Amino acid sequence: MSSGKTHLLSLLISTLLFSVSAVAAPDAPAQPADVIITNARVYTVNPQQKWAEATAIRGDRIAAVGTRKEVELLRGPATKVIDAGGRLLLPGFADCHIHFMQGSLGLTRVDLNGVVTVAEIQKRVKAYADTHPKEPWILGMGWTYPIFAPSGLPNKKILDDVVPDRPVYLEAFDGHSAWANSKALAIAGIDRNTPDPANGEIVRDANGEPTGALKEAAGELVASRAPKPTRSERLEALRKAMREANRVGLVRVHSAGGDFEYLDLYNDLRTRGQLSLRFYIAYFLDPPGLNADIIAKIEDARREYRDDWIEGGAVKTMLDGVIEAHTAAMFAPYSDDPSQVGKLFWDADKYRATIADLDARGLQVFTHAIGDKAVRLALDAYQSAAETNHTHDARHRVEHIETIAADDIGRFGKLGVIASMQPLHAYPDDDTLHVWARNVGPDRASRAWVWHSIEQQNGAIAFGSDWPVVTLNPWPGVETALTRQTDAGDPPGGFVPRERLSLEDTIRAYTLGAAFAGHREQSEGSLEVGKLADLILIDRDLFKIEPTEIGETQVLFTMVGGKIVYELPKWKRAVP
Ligand SMILES: [Zn+2]
């Protein structure tokens, strides 16, 4: 049989199967479900049927969504029934911007996320060193600048006090700075005579002695001396990270860099049946852009990885840096330092030509653009690529969009470009309200993270975290999207309050919007018959509580492809 006929036949069969399960009429006994989840408050994210009471799962798909009575019809002798105790059931969440391998490795190292004192850093570094006596290097990440006020930069002595005999190397939360102890500096051969590398700075004290703080490329001088993680360490880290992702309710992630070169590891996990999270993985493209080798790599990945678990064939690139370091590309000079205006990482013509090439190949592009000038160029390039190639519905994406010119807000909707944003980046802490807002000035700060305005003008929003820059837990992100306030309730009314998003729209950005951003809305993102059974039951009804309680949400169980991949111990006992 020719492959064309095979396709036609399987299409016919799947269409038939699909319609049988979709109807589930009382007089035509359908094949029983494997699992029924009943007595739930099901928020489906399907606009045609927003709410339901129960759902049935057969294999890895949803077989029914409806009232308890309707779904009960699919109950057979072997059907497992889960009583949800009236809790809220949602589609599983996707994280549309993540650096999964990097975050995974961080989980096996010293984790300084959320630490606010020097004493706590010392405690964690020492505890890690004590519990890992054979580890030759103590590695970690997640420290933030305000801990070291007023200079904002750490000193090697803090680490020498707790670990004098082994090298310690800790990256800042944003990856732009690093911190080494004396032992690590010595191993890297860094002393008062070492010149600064290009694009980096060895920070020195008044006597010219290195302090242990290393900016940008200077960190690499030390990092390159640390042992590289082995394949089995990486696999173990990925397993740990998948468990963590499932624990907080994630069922899919979109990798924005650092994972493409490890596709074979993800594939290894799939072959062993150990994947519990779905992956969409972009190739990270630097200027000057494409060549035959790179194109071959991307095309190979697209061919090889194209199922529900692992998908390759997207391309990520960066147009600029970040506001805090004045490296985001702006139309007008920075307000706190008019000598700086940021700089595009790409030559604009070269970028446009590269986007047109990728678009012609049908590859989806994720462009990091934070400054208003970078956002404009990304939109221009996507628009001209679509016009030149006569392509439709490519759904190219702009990542971050921290500032934007007022005229560009409506272009997301008009051009069908996805706004891929990370709510926790707008968390209005000291860094956002003082450093970030001071750097851009009040006019541009009035258009900070404009997710609501983009959506109001028909733009599609997809939410994510940028883990490990911030936690991969989506619930604090949901809360921030709604409130744009800190946990302490600051600023009153929220940071640029008109950009607060509704709960429904926020959930959509993490579910159906995320699926749309990955061209997967036909099979993911909402609880509908025929879609993948990726869902979560949570401990609180988001629709009935104060937004300030959302960040603490606990997931009771996470199901991916019909299998429960995470379950909070004893949650059923807590059911009222
Ligand atoms: Zn990122």
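The values are calculated or read from the model by the stated rules, or taken from the named source; none is laboratory data. Just so you know, these numbers come straight off a predicted model, no measurement behind them. When we count neighbours, we look across all protein chains shown, and the Cβ atoms used for this are built from the backbone with ideal geometry, even at glycine.
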Requested in this report: Could you tell me which residue of segment 348-400 is surrounded by the fewest Cβ atoms within 10 Å (Cβ to Cβ), considering only residues that are of a type in the set (S, T, N, Q) and in a strand (DSSP E or B)?
Outcome: Gln364
Query raised in the report: Out of segment 82-104, which residues are of a type in the set (Asp, Glu) and surrounded by fewer than 23 Cβ atoms within 10 Å (Cβ to Cβ)?
Result: Asp83
Query raised in the report: Which of (1) closer than 22 Å to Ala188 by Cα; (2) touching a helix residue (DSSP H, G or I) at 6+ places or on another chain (Cβ under 8 Å); (3) away from the ligand (no atom under 16 Å from the Cβ) is the odd one out, the single condition Met141 does not satisfy?
Result: (3)
Query raised in the report: Does segment 105-116 contain at least one residue that is more than 16 Å from the ligand (Cβ to nearest atom), exposed (fewer than 15 other Cβ atoms within 10 Å of the Cβ) and among the basic types (Lys, Arg)?
Result: no
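Do we have Ala369 as over 15 Å from Ser453 (Cα atoms), touching a residue at least 12 places away in the same chain (Cβ under 8 Å) and touching a Ser or Thr at 6+ places or on another chain (Cβ under 9 Å) here?
No: the conditions fail for Ala369.
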Query raised in the report: What are the residue pairs meeting all of these: first residue in segment 460-485, first residue under 17 Å from Ile418 (Cβ atoms), second residue within 14 Å of the ligand (Cβ to nearest atom) and among the polar types (S, T, N, Q), Cβ atoms under 6 Å, and 6 or more apart or on different chains?
Result: Ala462/Ser420; Gly464/Gln422; Ser465/Gln422; Asp466/Gln422
Report task. Looking at (1) surrounded by 21 or more Cβ atoms within 10 Å (Cβ to Cβ); (2) at pLDDT below 95; (3) in contact with a Phe, Trp or Tyr (Cβ under 7 Å, 6 or more places away or on another chain); (4) not basic (Lys, Arg), find the lone condition where Phe173 falls short. Result -> (1)
Query - Residues being assigned to a loop (DSSP other than H, G, I, E, B) and within 17 Å of Glu135 (Cα to Cα) - total across segment 145-174 - result: 6
Query - Considering residues of segment 421-438 that are away from the ligand (no atom under 16 Å from the Cβ), in contact (Cβ under 8 Å) with a residue 60 or more places away in the chain and among the aliphatic types (A, V, I, L, M) only, the residue surrounded by the most Cβ atoms within 10 Å (Cβ to Cβ) - result: Val435
Query - Residue, nearest to Asp534 (Cα to Cα), within segment 62-81, restricted to residues that are crowded, with 21+ Cβ neighbours inside 10 Å and out of contact with any Pro (no Cβ under 8 Å at 6 or more places or on another chain) - result: Ile62
Query raised in the report: What do you reckon, is Ser232 under 19 Å from Leu139 (Cα atoms), out of contact with any Pro (no Cβ under 8 Å at 6 or more places or on another chain) and not charged (D, E, K, R)?
Result: yes
**Report entry** Looking only at segment 86-116, and only at residues there that are at pLDDT 95 or above and part of a loop (DSSP other than H, G, I, E, B), the one that is farthest from the chain's Cα centre (by Cα)
**Finding:** Gly86
Report summary line: Counting only residues in segment 506-551 that are touching a helix residue (DSSP H, G or I) at 6+ places or on another chain (Cβ under 9 Å), of a type in the set (Ser, Thr, Tyr) and closer than 30 Å to Gly362 by Cα, the one surrounded by the fewest Cβ atoms within 10 Å (Cβ to Cβ) is identified as Ser523
Query raised in the report: Residues in segment 123-144 that are touching a residue at least 40 places away in the same chain (Cβ under 8 Å), surrounded by fewer than 20 Cβ atoms within 10 Å (Cβ to Cβ) and under 29 Å from the mean Cα position of the chain (by Cα): how many?
Result: 2
Requested in this report: For Asn46, indicate whether it is within 27 Å of the chain's Cα centre (by Cα), assigned to a loop (DSSP other than H, G, I, E, B) and within 16 Å of the ligand (Cβ to nearest atom).
Outcome: no
Query raised in the report: Can you find a residue in segment 253-271 that is over 26 Å from Ala353 (Cβ atoms), crowded, with 22+ Cβ neighbours inside 10 Å and either more than 16 Å from the ligand (Cβ to nearest atom) or without any contact (Cβ under 8 Å) to a residue 24 or more places away in the chain (or both)?
Result: yes
Query raised in the report: Could you list, in sequence order, the residues of segment 374-420 that are among the acidic types (Asp, Glu) and within 16 Å of the ligand (Cβ to nearest atom)?
Result: Glu399, Glu402
Requested in this report: Give the residues of segment 448-489 that are more than 16 Å from the ligand (Cβ to nearest atom), of a type in the set (Ser, Thr, Tyr) and assigned to a loop (DSSP other than H, G, I, E, B), sorted by residue number.
Outcome: Thr486
Report task. Please go through segment 272-309 and pick out each residue that is of a type outside the set (Ser, Thr, Tyr), within 16 Å of the ligand (Cβ to nearest atom) and buried (at least 17 other Cβ atoms within 10 Å of the Cβ). Result -> Phe279, Ile281, Ala282, Phe284, Leu285
